[in-house]
Amino acid sequence: MKKALITGVTGQDGAYLAKFLIERGYKVYGTLRRNSHFETERLEILGIQRAVELVDFELGEISCIQRVIRDVVPDEVYNFAAQSFVGSSWAQPIYVGDVNGLGVVRILESLRNFAPEAKFYQASTSEMFGKVRETPQNENTPFHPRSPYGVAKVYGHFITMNFRESFGMHASCGICFNHESPLRGVEFVTRKITRGLARIKLGDAAPLELGNIDSKRDWGFAGDFVEGIWMMLQQPKPDDYVLATGKVSSVRDFVLYAANALGMNIEWQGQGASERGIDRATGNTILAINEKLYRPAEVDVLCGDFSKARTTLGWEPKVDVRTLAEMMAKSDYDLLKRLK
Ligand code: NAP
Ligand code: F7E
């Protein structure tokens with residue numbers, strides 16, 4: 001039985017990957033950090049909470065990382081743990097540098113000492129491209145990160161490459177573009193939109209507030225992405241791969257896809273910070289701009305070229321952005337209706 005260690009198993013990707021690996025006969029160890037609230041909701045939703053062996057873990061604490069790796073001696077390690085919300089990274093740049101950047105080398109060093117044969121995956125990100133130098137972005141596109149989150153992830157990316165080149169470790173990075181699901185954290189824009197619109201559809205009058213709705217992303221489904229991530233570690237040689245859909249939508253488009261799935265028809269009125277989304281059926285303002293949600297430096301548009309993953313791994317995304325928005329909007333509507 002292969003042993004996989006997933007850091008950040010309580011997060012979106014960790015939960016989907018754990019389910020995927022359990023279905024393939026892996027023994028899955030998942031890391032949990034101490035919290036006042038025992039948070040395994042996503043594992044419960046996927047029905048796998050009993051199948052994952054939870055281990056105490058904190059990316060800032062080398063002794064704890066070493067202990068986990070020495071005890072488990074995993075065959076595969078998927079490093080998903082991170083402070084993953086870009087918006088908060090300006091408020092805690094040092095913590096983010098420590099956890100998202102130095103946390104990676106703490107794991108690599110521990111693997112080198114206690115499980116040198118283990119295959120390692122690092123969760124790199126399209127945020128590293130930031131102010132993009134070319135479109136679409138591929139594995140060779142230079143990085144220009146625009147947030148402390150992106151900067152820390154560049155360190156994590158290069159230190160993973162460095163350990164591969166220095167010590168021959170089977171260490172790979174997935175440069176993943178945005179991927180979402182009904183299990184997405186509620187602060188990320190897609191889930192914020194689907195939850196907000198579902199709430200309004202069920203009768204709540206308070207408008208949904210958003211920041212830069214002209215920002216554009218290449219949005220895919222997390223369930224598709226974890227399969228590509230697993231494929232990377234099944235290759236005879238370690239390497240880095242872009243996972244993306246190659247299609248771009250704006251935040252504004254995503255609002256319309258989600259609204260459409262809930263039978264709502266939105267008309268935009270006004271411009272800039274005064275722009276409003278009006279429900280054509282009721283005439284009510286259901287969307288407003290809040291300038292406080294603008295970021296100090298924005299990533300305007302991202303679009304990934306996943307041809308290397310397609311050719312080498314045989315990976316293709318299956319879910320398109322409209323289907324994704326519909327899946328998330330309906331899930332949030334059902335969830336909130338049950339709670340009402
Ligand atoms: P997520 O839902 O925010 O999950 C992050 C996980 O990391 C959670 O389990 C969290 O634990 C854990 N964590 C945070 N800080 C930690 C610390 N100091 N020590 C130990 N664990 C810690 O993120 P996700 O969307 O699944 O993303 C997974 C990874 O892929 C992240 O590294 C993210 O940066 C990267 N990524 C994501 C995307 C995307 O679109 N989803 C794209 C590219 C890259 P708690 O539950 O206790 O908070
Ligand atoms: O923002 C704009 C915001 O927070 C997307 C993480 O998984 O993907 C994610 O990072 C866009 C940005 O995701 C709101 O300004 C407008 O342009 O959903 P997000 P992100 O920053 O792209 C990358 C690949 C990762 O690696 C990260 O871990 O939407 N936007 N209005 C808003 N964003 C939020 N959150 N909230 C708003 O109200």
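If you take the residues of region 4-29 that are in a strand (DSSP E or B) and either acidic (Asp, Glu) or touching a helix residue (DSSP H, G or I) at 6+ places or on another chain (Cβ under 6 Å) (or both), which of them is nearest to PHE177 (Cα to Cα)? Per the criteria, the residue is ILE6. The number of residues in region 90-104 being surrounded by fewer than 16 Cβ atoms within 10 Å (Cβ to Cβ) and either in contact (Cβ under 8 Å) with a residue 60 or more places away in the chain or more than 9 Å from ligand 1 (Cβ to nearest atom) (or both) comes to 5.
Here the condition is being in contact with a helix residue (DSSP H, G or I) (Cβ under 8 Å, 6 or more places away or on another chain), in a loop (DSSP other than H, G, I, E, B) and either more than 14 Å from ligand 1 (Cβ to nearest atom) or touching a residue at least 40 places away in the same chain (Cβ under 8 Å) (or both); of ASP204, ASP214, it holds for ASP214 alone.
Of all the residues in region 270-328, those that are within 19 Å of ARG191 (Cβ to Cβ), touching a strand residue (DSSP E or B) at 6+ places or on another chain (Cβ under 7 Å) and either away from ligand 2 (no atom under 16 Å from the Cβ) or of a type in the set (Asp, Glu) (or both) number 1. Only residues that are β-branched (Val, Ile, Thr), within 20 Å of HIS157 (Cβ to Cβ) and not in a strand (DSSP E or B) were counted in region 48-95, giving 3. Does THR160 fit the bill of being among the β-branched types (Val, Ile, Thr) and buried (at least 22 other Cβ atoms within 10 Å of the Cβ)? Taking the combined requirement at face value, the residue satisfies it. Where strands (runs of 3 or more DSSP E) fall entirely within region 258-340, none has at least 2 residues that are at pLDDT below 95 and either more than 16 Å from ligand 1 (Cβ to nearest atom) or under 18 Å from the mean Cα position of the chain (by Cα) (or both).
For region 223-233, does any single residue satisfy the condition of being within 21 Å of VAL132 (Cβ to Cβ) and crowded, with 16+ Cβ neighbours inside 10 Å? The answer is yes, given that some residue of region 223-233 is within 21 Å of VAL132 (Cβ to Cβ) and crowded, with 16+ Cβ neighbours inside 10 Å.
Among the residues of region 160-191, write down those that are farther than 18 Å from LEU17 by Cβ and more than 14 Å from ligand 1 (Cβ to nearest atom). The answer is MET161, ASN162, PHE163, ARG164, GLU165, SER166, PHE167, GLY168, MET169. If you check GLU187, GLU139, GLU117 for being at pLDDT 95 or above, surrounded by fewer than 20 Cβ atoms within 10 Å (Cβ to Cβ), within 14 Å of the chain's Cα centre (by Cα) and part of a loop (DSSP other than H, G, I, E, B), only one passes: GLU187. Please verify whether region 7-15 includes one or more residues that are under 22 Å from the mean Cα position of the chain (by Cα) and surrounded by fewer than 16 Cβ atoms within 10 Å (Cβ to Cβ). No, region 7-15 has no match at all. Scanning region 166-183 for residues that are more than 8 Å from ligand 2 (Cβ to nearest atom) and either in a loop (DSSP other than H, G, I, E, B) or at pLDDT below 95 (or both), we see that the one that is farthest from the chain's Cα centre (by Cα) is GLY168.
Of all residues in region 161-195, those satisfying the criterion of being free of Cβ contacts under 8 Å to residues at least 60 places away in the same chain and at negative phi are ASN162, PHE163, GLU165, SER166, PHE167, VAL186, LYS192.
Going by the structure shown, is ARG133 under 30 Å from PRO296 (Cβ atoms), assigned to a helix (DSSP H, G or I) and more than 15 Å from ligand 2 (Cβ to nearest atom)? No: the conditions fail for ARG133. Close Cβ contacts (under 8 Å, 6 or more residues apart or on different chains) running from residues in region 264-291 that are in contact (Cβ under 8 Å) with a residue 24 or more places away in the chain and closer than 20 Å to LYS201 by Cβ to residues that are of a type in the set (Lys, Arg) and assigned to a helix (DSSP H, G or I) comprise MET264/LYS201. Scanning for something in contact with a strand residue (DSSP E or B) (Cβ under 7 Å, 6 or more places away or on another chain) and hydroxyl-bearing (Ser, Thr, Tyr), does region 191-214 turn up at least one residue? The answer is no, given that none of the residues of region 191-214 is in contact with a strand residue (DSSP E or B) (Cβ under 7 Å, 6 or more places away or on another chain) and hydroxyl-bearing (Ser, Thr, Tyr). Mind checking which residues of region 47-89 are away from ligand 1 (no atom under 13 Å from the Cβ) and more than 19 Å from PHE120 (Cβ to Cβ)? Matches in region 47-89: GLY47, ILE48, GLN49, ARG50, ALA51, GLU53, SER63.
The values are calculated or read from the model by the stated rules, or taken from the named source; none is laboratory data. What you see is a predicted model; the values in this text were computed from it and never measured. Counting neighbours? That spans all protein chains shown, and the Cβs are built from the backbone with ideal geometry, glycine included.
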